[in-house]
Amino acid sequence: GAAPEPGCLRAWAAESRALAGRWRAALCSGPGGAAAREVRQQRGSFGELLLRMRGLPAALPALPLELTVLYNSLLFTMGASDSAIEGEAEGIRQGLLRVLEACGACGQDLTTEELWQKVLQEVTVEELQAPLHRLGALQAAWWLAASRPGSTAGLFRLLSNAEDQERARCSEEENELLSLLKAWQAPAEGASLPLVQSTEDLKEILCTAAAFLQGLQELEAGNFRTALSLLQEAAGGFCSKRVLAQIYTCLACCTQRMGKPQTALQHLKRALQVDFQCLPALSHAAAVYRELGETEAELQALALLYEALEKNPPAAASSSPYFLIRTELLVRTPILASLLRHRHSSEVKYLLAQRCLQDGRVADAVEHYLDFLALLQEGLQQQVPLDGGSAVPRIPEVFLEAASALEQAGRYQDAITTCEEVISRTTDLIPRMLRMEDRLEQPESPLPGAGLAGGLLSQKKESLCCLAWRAAGYLHQGWAWAKLGESKEAITQFSRECLKDALARSLCLPVPESLLPEVEVLQKIRLLALIGRGAQFLELGRHKEALLDFQHSLQISPGDPAAAPYLVQALWKLNRKQEAAARWQKLSQSTPGEDGQQEGQGRPFPLYLVSCLKQATFPGHESLDRSIRDYLGTTSQDPSS
């Protein structure tokens, strides 16, 4: 097509320079609100100028300016959207088609990769080389944002001349894309064509983003040594303090997975030194301290994290110059979002409660659990998703853990009240009869019936969970009443839902494998309730009833290390001393895990049952052992006895 009038070209160039000048003036006032407002305004202004230029047929004399205006316009588009939007890359494609149109060629049917190959191989006009390289850098930014490092490397092979490619020659240990990026030399830019972000600055950002992105991909793939090298490269690159702190946090995750927790802590400390508002670093630090068994440090990290989240700090301000294309716009992957997940303050409060309870810091655990339950009353479920991505378990389990903490702190009535809340809320959710037949485990067809089977299994699983929570509530109440010296009330609670015949029958039936964890918990609760009730029968002198409970418990869990000594004591109290002594000797000779091997092989039991497991431990071991030894000594001297 015919070239635009020289006067028109001069006017467009002057307008472009004026717009770029306004942008530089806005940056001089600081990268705050003025710059942000200018981004939105400039996006529209450069876009309007580009539309006017494209209103005329493509012509070689006007293309260097048109491609520069396109470059600036796309930069503002990305800066205004605060993300690299793949759809905006269509602007680059239109620019390349305009170049081919001016050269008398076409490429409408070509893919973007093919279009770049055609343009860079066939268009040799010197004045177009620098603008095309700039557009190539922008294309690379979009492809990196789309996690396409392979396409990006292919483009830079096309952009590189023989000298660049010689510089980019790398060994197998080196990363090809990074080598190509570092070796790439964009043609000199004309001073008459003002840019709002230089090609050199964009190159530095691309190098950092490419190293960061590929480091994350290698980390996700489990190639930790390669990931470490790439992330270290990214940490030495060009980025804001906020992004640098994120890179150090990812380095920590990588070294932790490599089995180097102390190195991970060093990276996390650097992350917090660079940006004290990088809260995921605190969260990871707590996890590393837990791995190291340094509970005090872990709790301090969680407390600092909770305090910081409660203050609700503003986003960290970048101390780097304001760039329209920045590393954080190009690296947005699911693994990064996962590694940098921000915990809700209530989730951290729960973690504090849980870890204090696990570590035996009962008073602190009670305080944290009560704070958390207060948050529940304020509508916590609307504040934080209580799902698989959260550290917070199902709400009834939190109540039961709180009851366990209260019970261990000697606040038995409060524990009883807390359990009543669980019992009252779950009772209506449990079917009258819970049948466990295993028909659903192997449906005949994976077609419609399979979906129905899965739904029924899910419902049954939920019913079993409710049943376990209610049974655990009664179990805790039983132990609390026992501690208060109310043996009869304790027996009543131990005898509730967890000992009913219907439950006993259901636990004996074969069950689908997917329901085994819930059934194992129910069986353990039933075992603990039998031990608890039997212990109270012993307290009341009802030795025969106690013996029946202990025998029953050993039918549920043969050789159980908690039930077996209770059974011996019941026999002893019933004056069945010879039988008691024989059982005691057998018990003393068995190695740990021989009789009670299920303990070690089974899944870990819920935290809310741990205190009940401790309370079920036989307390009179030494006294009973001494009595039996005396008895055996006497009988060995007097065979007639």
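The values are calculated or read from the model by the stated rules, or taken from the named source; none is laboratory data. From a predicted model like this one, the values you see are computed outputs, not experimental measurements. Quick reminder, even Gly has a Cβ in these numbers, built from the backbone with ideal geometry, and neighbours come from all protein chains shown. Calculation scope for accessible area: heavy atoms of the full protein, side chains included, ligands and nucleic acids excluded. Shrake-Rupley method; radii C 1.70, N 1.55, O 1.52, S 1.80 Å.
Residue pairs exceeding 29 angstrom between C-alpha atoms, taken from Lys461/Lys488; Lys269/Lys311; Lys349/Lys460; Lys182/Lys241: Lys461/Lys488; Lys349/Lys460.
Each principal axis of the Cα atoms in segment 507-590 has its own extent, and those three values, largest first, are 45, 31, 16 angstrom. Sequence-ordered 3J(HN,Hα) estimates for segment 127-133 from the Karplus curve with 6.51, -1.76 and 1.60 and θ = phi - 60° stand at 5, 8, 5, 5, x, 5, 5 Hz, glycine and proline given as x. The alpha carbon centroids of segment 202-242 and segment 99-145 are separated by 27 Å. Annotation: extensible slack from Ala146 through Arg225 equals 26.0 nm (criterion: 0.36 nm per residue apart, minus Cα-Cα distance). Could you compute the FRET efficiency for Arg629 and Ala297, with r as their C-beta to C-beta distance and R0 at 45 Å, rounded to 0.05? My answer for the efficiency is 0.45.
The Gln589 and Glu113 beta-carbon pair, evaluated with R₀ = 60 Å, returns a calculated FRET efficiency of approximately 0.20. Computed from the C-beta positions of Lys488 and Gln262, the FRET efficiency with R₀ = 51 Å rounds to 0.35. When Leu475, Leu548, Leu607 are compared by accessible area of protein heavy atoms, the largest-first order is Leu548, Leu607, Leu475, using a 1.4 Å probe. Surface listing: Ile556, Ile205 arranged by accessible area from highest to lowest gives Ile556, Ile205, probe 1.4 Å.
Roughly speaking, what % of Cα-Cα pairs in segment 188-272 are separated by over 14 Å, rounded to a whole number?
63
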